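Values in this text are rule-based calculations from the coordinates and carry no lab data. Small disclaimer: the values here were computed from a predicted structure and weren't measured. FYI the Cβ positions are ideal-geometry reconstructions off the backbone, even for glycines, and counts take in every protein chain you see.
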Amino acid sequence: RGYSAHAGHPLMGLALYPPLAQMAGLGWLGANGLIITPEHGPRVRLAAIYTSVETLPFFSTENEHQWVEEYCAACQICVAKCPPEAIMPEPERHENGRISYVINERCFPYFSDCYGCSVCIAVCPFNHTSYDTLKQHFVKSEG
């Protein structure tokens, strides 16, 4: 149809995909820096397709998944279990609005040296219990 398009690789694309997925309302950034979705918890590999189409929907201004941020702040199991201690207990908020959860200089070398890691995914409660169950218990305990 005359539109240009470019596929972004899921590993090391031109943009940070988890914040884009959050802005699209697909889920919320967890303490491990991964998008947490109702369907798959932290087990999502994101990619992007960049296009010149100008009529795509805009980013969502509201996100029903925002409660995940408070849940992760209270849980912190990925912080405690991260072998290279790469996940920060408090996210770093940059002046440009970007939020960092992971110290890449610790995570990437460990990931490379060990031919992968994924401890943060394995220990995440969203990997073991349904999203709706966690939300129901969290909202009940907060209320």
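Using the alpha-carbon positions of the chain, Rg (one decimal) and Dmax (whole number) come out as 16.2, 52 Å. Annotation for segment 123-143 versus segment 42-81: alpha-carbon center distance of 16 Å.
A Förster radius of 30 Å, combined with the Cβ-Cβ distance separating residue 55 from residue 95, puts the computed FRET efficiency at roughly 0.40. Label positions at residue 139 and residue 112, each projected 7 Å from the Cα along the C-beta direction, are separated by 4.4 nm.
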